[in-house]
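These notes concern the structure reproduced below.
The values are calculated or read from the model by the stated rules, or taken from the named source; none is laboratory data. Computed from a predicted model, the values in this text were never measured in an experiment. Because the Cβ atoms are built from the backbone with ideal geometry, glycine has one as well, and the counts that use them run over all protein chains shown. The area values use the complete protein model at the heavy-atom level, side chains included, leaving out ligands, DNA and RNA. Shrake-Rupley method; radii C 1.70, N 1.55, O 1.52, S 1.80 Å.
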Amino acid sequence: MDVNEKIKHIEQQIENAVNEVESSKSLFEVKMRFLGKTGEISELLKSMREVPPEERPTLGKVLNALRQKAEERFDAFEKKLKQLELKKKYAEEKIDVTIPGSCTPDGAYHPNTLIRNELVSIFAGMGFEIFEGPEIENDYYNFTALNTPKDHPARDMQDTFYLAEDLLLRTQTSAGQIRVMENKKPPIKILSPGKVYRSDDDATHSPMFSQMEGLVVDRGITLCDLKGMLDEFAKKIFGANVKTRLRPSYFPFTEPSVEVDVSCFECGGNGCRLCKGTGWIEVLGAGMVNRRVLEGCGIDPDEYTGFAFGMGIERIAMLKYGINNMKLLFEGDTRFLKQFKD
Ligand code: DAH
């Protein structure tokens, strides 16, 4: 091939290669193929040595012109490529400020959690500490130590789920009282919230529900202290005008035992559907800690006395928020749950 043909051929090759280039990186490779140290044009320039001296100036001119033309072609194409790449980048990064924002809906506390937090904060304000016992208990803590031995008729008050002869799902947070009194000497002032289990299932009962237990043991504690504390609690939960009353009742672990009613916060005590016309609503069980229970935990009942109380958290939530079916508290339906805000 003579030089002119070679030059033409190279020019054509450059044109073909450039047309196939898609990125700055591949352009650089093409550039090296022709203008790099061992590139085709560079090789051609090197071959000048073999040409007779009188032909060199003319050939040199032609080859330099070729190199310059190639460089210009590459530079121009690079400019165009950069512009295209920039345009593409801007298009990709474009933000449509007119698209409506996506918002994450606010979460809400479950009504049980709301009541639990409220109760904890009321009682913490009175100096109670939190103690959480285990949900799987043995017979001793759940019953026997609470003055409810094996053949005691009061065991029938709660339908128990047994896991083994001696192991059960606790039926009451009262079990925690014993664990605390065994390990701590008075003064004791604890609050024990947690899940409890009973084989019971209807609109106001569930096999799993939550209770909140309270226990105060010290020298000179009386039923009056219990009444005073409950008055305070009822006013904070149900409203400042609410009164409390104690009705005699029976629990094996308290003596005397009481059922605590609050005056109906819906009708002010005149009688309505909520209080079934009585003007009063039962909210919890309580009493003075039975001396046999104190004794069993190594606390001298002649030196110390105490009171205890226990309430169902779902029951308080249902009363306070006017929820008529307990199942709503366990179904997790967000249409129900999102109605409750702090
Ligand atoms: N544990 C009882 C229950 O589940 C509630 C209760 C009543 C707890 C009287 C107490 C109490 O601490 O003194 O029905």
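Quick one: angle between helix 223-238 and the longest Cα principal axis of the chain, in degrees between 0 and 90, rounded to 10, please.
Value to nearest ten degrees: 40.
May I ask you to evaluate 6.51 cos²θ - 1.76 cosθ + 1.60, the Karplus curve with θ = phi - 60°, for each residue of the stretch 266-272 and list the ³J(HN,Hα) values in order in whole Hz, giving x for glycine and proline?
Rounded to whole hertz, the list is 7, 10, x, x, 7, x, 8.
Counting only other residues whose beta carbon sits under 11 Å from that of residue 247, what net charge do I get with K and R as +1, D and E as -1?
Taking every other residue near residue 247 into account, the sum is -2.
Could you work out how far apart the two model spin labels at residue 159 and residue 302 are, taking each label as a point 7 Å from the Cα in the direction of the beta carbon, and quote it in nm?
4.5 nm
Solvent-accessible area of residue 106, probe 1.4 Å, all protein chains present, reported in Å² to the nearest ten, please.
130 Å²
Cα axis of helix 56-93 to longest principal axis of the chain: angle in degrees, 0 to 90, nearest 10?
20 degrees
Which whole-angstrom value gives the distance between the alpha carbon centres of the stretch 47-88 and the stretch 128-163?
Rounded to whole Å, the Cα centres lie 96 Å apart.
Pairs of Cα atoms under 8 Å, at least six residues apart: use those to get the relative contact order of the chain, whole percent.
15 percent
Probe radius 1.4 Å, ligands and nucleic acids ignored: give me the carbon and sulfur share of the accessible area of the stretch 1-79 as a rounded percent.
On the stretch 1-79, the fraction of accessible area on carbon and sulfur atoms equals 52 percent.
Starting from the Cα-Cα distance between residue 120 and residue 266, subtract it from 0.36 nm times their residue separation and give me the gain in nm to one decimal.
The residue 120-residue 266 span can extend by a further 50.2 nm.
For the Cα atoms of the chain, what angle does the longest principal axis make with the long axis of helix 111-125, in degrees from 0 to 90, nearest 10?
Around 60 degrees separate the two axes.
So, taking all protein chains as they sit and a 1.4 Å probe, how much accessible area belongs to residue 167, in Å² rounded to tens?
Rounded to the nearest 10, that gives 80 Å².
How big is the charge dipole of the stretch 235-318 about its Cα centre, in debye rounded to the nearest 20, if each Lys and Arg gets +1 on its Cβ and each Asp and Glu gets -1 on its Cβ?
Once rounded to the nearest 20, the dipole reads 520 debye.
What accessible area per residue, rounded to a whole number of Å², is obtained for the stretch 185-259 using a probe radius of 1.4 Å?
46 Å²
Express in Å², to the nearest 10, the accessible area of residue 98 obtained by rolling a 1.4 Å probe over the protein heavy atoms while all chains stay in place.
Per-residue accessible area (residue 98): approximately 110 Å².
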